[in-house]
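Each remark here refers to the structure printed beneath this line.
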Amino acid sequence: MNLNGSIGLFHYWNRLRDGRPAPRRTEVEPADIKTLLADTFILEKDTRGEAVFRLAGTRLCATYGRELKGFSFPSLWRSKDQRLVSRLIDGVFRQQSVVLITYSGLSRNRRSVEFELLALPLDGGAENLRCLGVISPAEKPFWLGVDPIIDVQIDSVRIIDPDKENLFLGNRPAISVPELAPTELDSAETLTEYGRARRIRHLVVLDGGREE
C-alpha cells in the first residue's frame, strides 16, 4: 500500500477487527473516516451472486461519471479482467481475504491516471456478504471527476496478510487516523439521487466530500 487513502482505511479496519478476521459491518462508523468517505465504497452480492455497489462516495461516482449504487463492480473492468476481479472480490466475501489492486485508468478524452484499490472484508453473516473498499488516485489532475474514466488496465494484484502488512506499515511515515467514536449505529444505509445530498445513517454527505 502506497497511498494515504488505502493506508488510512486499512488502519481503521484493522483497529475495528481487533484480531478477528473481519469487523462486523455494523461497527463501521462513517464519522470515523469522514476524510475518506468520498472515495470509499461498500459492495454486496445481488440475487445473481454478482458483486454490486451498495454505497459509493461522491468523488468515486464523479471519477466514473455515473451513479454507482447498484452497478456491477466487475463491469468497471475490461472484459478479459472481469473474471479475475470477480474471483478476487469473491475471496474477500467468502474467505475474508484482503485485496490490493493497482491499475491505470483511461478517460473518455484519452487521459490517464494511476489508481490504488483496497478491498476489505466485513462480517455481515452468510446472508449479508459485504466488502468495504477505497479507490485512490496516485495524483489528482484537474480533469479527474470531469472527464470520466471509461477503461482500466490492471497493473498488479496482491492478496495481503493483514497481520504482516500491519507490521510493514509501521515503518511508513505516520498519517492521521482518527480515534474510534462511540456511537449507536442505525442499520439503515440510504442514498439520495447522485448530485444532491447523500444520507449515510445519521450523516448527510454532500458533493465534494463535505458533511453536515
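The values are calculated or read from the model by the stated rules, or taken from the named source; none is laboratory data. Computed from a predicted structure; not experimentally measured. Positions of Cβ are generated from backbone atoms using ideal geometry, with glycine treated the same way; all protein chains shown enter the neighbour counts. Protein only, heavy atoms only, side chains kept; ligands, DNA and RNA dropped before computing areas. Shrake-Rupley method; radii C 1.70, N 1.55, O 1.52, S 1.80 Å.
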Report summary line: Judged on accessible area alone, 1.4 Å probe, highest first, GLU67, GLU127, GLU29 line up as GLU127, GLU67, GLU29
**Report entry** Cβ-Cβ FRET estimate between ARG108 and ARG24, R0 fixed at 45 Å, reported to 0.05
**Finding:** 0.70
Report task. Measure off 7 Å from each Cα along the Cα-to-Cβ vector at ILE159 and LYS140, then give the distance between these two points in nanometres to one decimal. Result -> 3.5 nm
Query raised in the report: Under 22 Å Cα-Cα from LYS45, which lysines qualify once same-chain neighbours fewer than 8 residues away are excluded?
Result: LYS69, LYS80
